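J.: The structure's right below; bear with me while I get my questions together.
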Amino acid sequence: MGSMHTGLEEEKGGYDKMAVFYGERAKGGVGLIVTGGVSPSISGWVSPFSIKLTSNREARKHKRITDKVHENGGKICMQILHSGRYGYHPFCVAPSKIKSPISKFTPRALSTSGVRRTVKSFVKCARLAHKAGYDGVEVMGSEGYLINEFLVTKTNKRTDEYGGSYENRMKFPLEIIRGIRKELGEEFIIIYRLSMLDLVDEGSTWTEIVTLAKEVQKAGANIINTGIGWHEARVPTIATSVPRGAFSWVTQRLMGEVSIPLITTNRINTPEKANSILEKGHADMISMARPFLADAHFMNKAKDNLSEEINTCIGCNQACLDHIFKQKTASCLVNPRACREIEFDTLKSVNRTTKKIVVVGAGPAGLAFSVEAAKLGHQVTLVDRSSEIGGQFNLAKKVAGKEEFHETLRYFQVMLDKYNVEVLLNTNVNVDLIKSLSPDEVVVSTGVIPRKLSIEGASLPSVISYYDLITKNIPVGKKVVIIGAGGIGFDVAEFLLHEPMDDSEEGINQFLADWGVDTQYKHGGALLEKTEKHAPKCEITLLQRKPGKLGANLGKTTGWIHRAGLKKSGVTMLAGLTYEKITEEGLWINQKGESKLIACDNIIICAGQLPANKLKEELDNSGISNHIIGGARKAAELDAKAAIEEGTFLAYSI
């Protein structure tokens with residue numbers, strides 16, 4: 001289980017929560033766990049008062065975590081992470097006084113003696129980790145944090161013994177590894193996370209990476225883990241749109257250069273993909289982080305040949321990384337229990353009466369409720385007028401880069417069968433039908449309906465709703481206007497422009513070429529000087545009424561990917577306008593007081609949704625008690641995270 005910050009590190013009672021969180025993953029069969037990054041000093045904080053390990057008192061708190069993991073048969077290493085110039089606080093330091101593009105604070109350049117003190121702080125942190133019961137540490141040397149900053153000329157302009165030649169620049173990490181090995185002996189695990197692809201200009205060359213790997217082994221590391229991309233890099237590395245296992249090739253490239261095990265990582269989310277990577281000789285070990293948020297028992301299910309029961313990570317980032325970058329505790333869109341294990345265990349322990357429950361609507365909210373309620377022992381009947389479960393997920397799964405929603409629907413279907421949920425599809429629901437089923441409780445999760453556009457010409461044949469476009473595969477012309485630049489508008493653009501994601505070798509190479517990754521490593525940082533350009537399938541204009549950046553409400557860690565992807569495909573983006581009328585020639589808009597025609601063949605309406613809550617009104621009028629969740633309750637913007645969370649919590653409280 002690879003390192004990921006959860007936000008529990010800074011929560012009140014966080015050590016107890018982390019103990020349960022990591023303990024459950026150990027119980028679920030993970031071979032080795034690496035914690036989220038822990039700072040060796042205040043200057044290394046990611047942000048003020050974030051987790052650090054600098055004293056015996058703090059080590060005693062960490063003992064709760066290690067005890068729980070060992071109690072469940074697991075091994076755990078603590079990652080030591082010094083944020084360097086990425087530190088979001090005024091005490092941040094770096095090899096040189098060069099501000100990062102993702103922090104407003106300019107770092108102080110470490111003096112030579114300051115570098116040596118920092119080395120000692122890493123060694124002391126490792127010693128305290130050993131005292132706290134950790135089986136080892138991972139030294140974070142990638143992703144653009146302090147150690148990585150020492151290694152490249154982009155951020156290291158020093159003229160002392162830690163700057164200049166590569167031999168000097170790599171002294172810092174090697175002194176840390178040697179110091180930890182000398183202090184803690186041969187049995188203590190040392191993992192070094194080595195940035196094998198910086199993906200920034202002036203990054204490490206392949207020769208430098210091989211040299212560093214060999215020296216890291218000599219210095220005493222047991223394992224080398226693969227790091228991919230600095231946080232400021234403009235190449236997607238872990239989002240849904242990245243093909244599975246897209247970066248294992250770079251780990252394979254290092255295989256044979258060292259004799260210690262190499263770990264590969266990034267967008268590996270199924271046992272089948274992990275096995276394939278190992279069988280092809282791309283790595284000795286596999287690291288997965290978010291897949292263990294999605295399913296704590298991933299490994300036990302894989303071992304028992306029950307991979308169809310794994311709740312698969314879809315790489316959306318919405319409840320994990322997006323939360324962390326907003327200073328919120330991480331969780332998981334497909335598994336709201338993640339990082340809230342104590343809260344859910346408390347709810348589960350409540351004595352409850354078994355009830356007969358009818359759920360109307362088999363979208364994300366209804367599916368989450370039905371599965372969790374059935375797990376808790378309720379008798380659940382799930383009804384939907386469609387011919388398949390999934391609701392809006394059936395649209396999402398057809399969008400290029402969102403194919404992972406197939407996995408979520410597969411998981412829900414398997415769980416419905418396993419927990420004996422009665423599913424009635426192709427069924428029109430009304431009050432009489434519900435009465436005939438004699439439920440104790442009714443849950444309304446009827447989702448949303450697309451909002452129609454009420455301007456002149458909106459009924460012309462050239463005007464298509466996003467729902468009809470995707471579900472009916474309606475062909476469009478060469479010039480398309482999309483009205484509405486929320487999540488659905490961006491998805492529709494992707495649907496029209498790009499083919500489904502392909503994680504074959506050919507598909508991965510195409511993805512890497514499209515984003516400018518130099519797989520031949522001719523340049524430091526492995527970036528191509530020019531990226532490939534492809535003629536788009538159609539010419540798209542994406543419109544937004546309000547002024548400002550289009551897609552401002554997209555995910556914090558993925559919005560830039562969507563905008564960059566559409567820009568690469570030549571999409572025109574316009575904001576701050578009103579829609580006047582639609583004619584056979586196209587759409588008339590008014591921008592800054594000027595009327596103008598955007599000539600087009602088709603206009604796709606993505607102007608929001610309305611709650612499909614008519615049934616609730618009928619139930620209320622009939623005096624039938626009911627609960628409403630998901631888009632049927634609030635349809636301002638489609639939100640699968642909120643829908644699944646609402647459905648899950650209602651199941652635990654009903």
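Bear in mind that the values in this text are calculations on the coordinates, not laboratory data. Predicted, not measured: the structure shown is a model, and the values here were computed from it. All Cβ positions, even for glycine, are placed from backbone atoms using ideal geometry, and neighbour counts span all protein chains on display.
J.: Count charges around Gly227 for me, please; just the other residues with Cβ under 12 Å from its Cβ, Lys/Arg as +1, Asp/Glu as -1.
T.: Values: positive: Arg193; negative: Glu138, Glu143, Asp198.
For residues surrounding Gly227, the net value is -2.
J.: What order, most packed first, do the peptides 229-240, 153-164 have when packing is the mean number of other Cβ atoms within 10 Å of each residue? Write down the numbers at each step before the final one.
T.: Working: 229-240: 21.1, 153-164: 16.8.
Highest mean packing first, the order is 229-240, 153-164.
J.: Here is a further query. Rounded to the nearest 20 debye, what is the charge dipole size of the stretch 463-607 about its Cα centre when +1 sits on each Lys and Arg Cβ and -1 on each Asp and Glu Cβ? Could you put the intermediate results ahead of the total?
T.: Values: 17 positive and 18 negative charges, 155 e Å.
It comes to approximately 740 debye.
J.: Apply the Karplus parameterisation 6.51 cos²θ - 1.76 cosθ + 1.60, with θ equal to phi minus 60°, to every residue of the stretch 119-126 and state each ³J(HN,Hα) to the nearest whole Hz, in sequence, with x for glycine and proline.
T.: 4, 4, 5, 5, 5, 4, 4, 5
J.: Now a separate question. 5 Å is the cut-off here: which amide hydrogens, built 1.01 Å from N in the peptide plane, fall below it relative to Gln609, excluding neighbours closer than 5 in sequence?
T.: Arg451
J.: What FRET efficiency would be calculated for the residue pair Glu187, His70, taking the C-beta separation as r and a Förster radius of 22 Å, to the nearest 0.05? Please report the intermediate quantities before stating the final value.
T.: Numbers: r = 15 Å, r/R0 = 0.68.
My answer for the efficiency is 0.90.
J.: With an 8 Å cut-off on Cα pairs and a minimum separation of 6 or more residues, tell me the relative contact order of the stretch 224-340 in percent.
T.: Values: 173 pairs, mean separation 24.6, N = 117.
Relative contact order, the stretch 224-340: 21 percent.
J.: Stretched out fully, how many nm does the piece from Lys567 to Lys537 gain, at 0.36 nm a residue minus the Cα gap? All intermediate terms of the calculation are to be shown ahead of the outcome.
T.: Details: separation 30, 0.36 × 30 = 10.80 nm, distance 1.39 nm.
The span from Lys567 to Lys537 would gain 9.4 nm if fully extended.
J.: Where the only charges are on Cβ atoms (+1 Lys, Arg; -1 Asp, Glu), what is the dipole of the stretch 74-131 about its Cα centre, to the nearest 20 debye?
T.: On the way: 12 positive and 0 negative charges, 33 e Å.
About 160 debye.
J.: Can you compute the label reach from Glu580? Point 7 Å from Cα along the Cβ direction, backbone N cut-off under 14 Å, restricted to the stretch 589-627.
T.: Once the point is set 7 Å along Cα→Cβ of Glu580, 589-599 turn out to lie under 14 Å by backbone N, inside the stretch 589-627.
J.: Something else about it: Taking the dipole about the Cα centre of the chain, with the C-beta of Lys and Arg at +1 and of Asp and Glu at -1, give me whichever of Ile589, Gly361, Ala233 is farthest to the positive side.
T.: Ala233
J.: What full-extension length gain, to one decimal in nm, is calculated for Ser653 and Lys375 as 0.36 nm per residue of separation minus the Cα-Cα distance?
T.: Values: separation 278, 0.36 × 278 = 100.08 nm, distance 1.32 nm.
Here the segment from Ser653 to Lys375 would lengthen by 98.8 nm.
J.: So for the chain, averaging the separation of alpha carbon pairs under 8 Å that are six or more residues apart and normalising by length, what relative contact order in percent results? Provide the component values of the computation, followed by the final result.
T.: Values: 1432 pairs, mean separation 79.0, N = 654.
The value is 12 percent.
J.: Same structure again: Using a cut-off of 13 Å between beta-carbons, work out the net charge of the residues near Arg127 (Lys and Arg +1, Asp and Glu -1, Arg127 not included).
T.: That works out to +3.
J.: Report relative contact order for the stretch 8-344 in percent, whole number only (criteria: Cα-Cα under 8 Å, sequence separation at least 6).
T.: Details: 711 pairs, mean separation 47.5, N = 337.
Across the stretch 8-344, relative contact order equals 14 percent.
J.: Separate question: Taking amide hydrogens as modeled 1.01 Å from N in the peptide plane, which residues meet the under 5 Å criterion relative to Leu527, leaving out close sequence neighbours?
T.: Here the answer is Asp518, since their amide H atoms fall under 5 Å of that of Leu527.
J.: Can you give me the distance in nm between label points at Glu232 and Lys218, each placed 7 Å from the Cα along the Cα-to-Cβ direction?
T.: The answer from the label model is 3.1 nm.
J.: Another one. Along the charge dipole of the chain, Cβ charges K/R +1 and D/E -1, which of Thr558, Leu306, Gly185 sits furthest on the positive end?
T.: Value: Gly185.
J.: Further question on the same structure: With θ set to phi - 60°, apply the Karplus curve 6.51 cos²θ - 1.76 cosθ + 1.60 along the stretch 141-156 and write out the HN-Hα couplings as whole Hz, x wherever there is a Gly or Pro.
T.: My calculation for the stretch 141-156 gives x, 9, 6, x, 7, 3, 4, 4, 5, 5, 7, 10, 5, 4, 10, 10 Hz in order.
J.: On to the next question. Quick check on my link table: of Lys452/Lys478; Lys154/Lys273; Lys402/Lys537, which ones sit more than 29 Å apart, alpha carbon to alpha carbon? Write down the numbers at each step before the final one.
T.: On the way: Lys452/Lys478 23 Å; Lys154/Lys273 35 Å; Lys402/Lys537 19 Å.
Too far apart for the 29 Å limit: Lys154/Lys273.
J.: Return the percentage of antiparallel bridges among DSSP beta bridges fully within the chain, rounded to the nearest 5 %. Mind showing how you got there, number by number?
T.: On the way: 15 of 75 bridges.
Percentage antiparallel, nearest 5: 20.
J.: I'd like the Karplus ³J(HN,Hα) series for the stretch 57-65: coefficients 6.51, -1.76, 1.60, θ = phi - 60°, whole numbers in Hz, and an x wherever there's a Gly or Pro.
T.: Values, residue by residue: 4, 5, 4, 4, 5, 5, 4, 4, 5 Hz.
J.: Then there's this: With each label point set 7 Å from Cα along the Cα-Cβ vector, what nm distance links Lys592 and Phe105?
T.: Each label point lies 7 Å from its Cα, and together they span 4.0 nm.
J.: Compute the FRET efficiency between Asn509 and Asp201 as 1/(1 + (r/R0)^6), taking r as their Cβ-Cβ distance and R0 = 22 Å, and round to the nearest 0.05.
T.: Values: r = 22 Å, r/R0 = 1.01.
That gives a FRET efficiency of 0.50.
J.: For Glu257 and Lys157, FRET efficiency with R0 = 30 Å and r from the beta-carbon atoms, rounded to 0.05? All intermediate terms of the calculation are to be shown ahead of the outcome.
T.: Numbers: r = 29 Å, r/R0 = 0.96.
Approximately 0.55, to the nearest 0.05.
J.: Determine the distance separating the Cα centre of the stretch 197-249 from the Cα centre of the stretch 45-105; give it in Å without decimals.
T.: Each part reduced to its Cα centre gives a spacing of 21 Å.
J.: To continue, here is another question. Any idea how far apart Ser625 and Glu58 come out in nm if each label point goes 7 Å out from Cα toward Cβ?
T.: Taking the two extended label points, one gets 5.0 nm.
J.: Looking at the stretch 463-607, what % of its DSSP beta bridges pair antiparallel, to the nearest 5? Walk me through the numbers on the way to the answer.
T.: On the way: 12 of 28 bridges.
That works out to approximately 45 percent antiparallel.
J.: Rounded to the nearest 500 deg cm²/dmol, what is the calculated helix-only ellipticity per residue at 222 nm for the chain, with -39500 (n - 2.57) per DSSP H run of length n ≥ 4? Intermediate values should be presented prior to the final figure.
T.: Details: 23 runs with 222 residues, N = 654.
After summing the helix terms and dividing by residue count, I get -10000 deg cm²/dmol.
J.: With a 10 Å Cβ neighbour count serving as the proxy for reagent exposure, in which order, fewest first, do Phe188, Phe490 appear?
T.: Numbers: Phe188 20, Phe490 24.
Final ranking by Cβ density, sparse to dense: Phe188, Phe490.
J.: Could you give the dipole magnitude of the chain about its Cα centre, charging the beta-carbon of Lys and Arg +1 and that of Asp and Glu -1, in debye to the nearest 20?
T.: Values: 83 positive and 74 negative charges, 452 e Å.
So the dipole magnitude of the chain works out to roughly 2180 debye.
J.: Sticking with this one: Taking the Cα centre of the chain as the origin and placing charges on Cβ (Lys, Arg +1; Asp, Glu -1), which of Gly141, Thr54, Asn602 is farthest toward the positive end of the dipole?
T.: It is Thr54.
J.: Continuing with this model, one more query. Full-extension gain between Leu433 and Tyr166, please, as 0.36 nm times their residue separation minus the C-alpha to C-alpha distance.
T.: On the way: separation 267, 0.36 × 267 = 96.12 nm, distance 7.43 nm.
Separation in residues times 0.36 nm, less the Cα-Cα distance, equals 88.7 nm.
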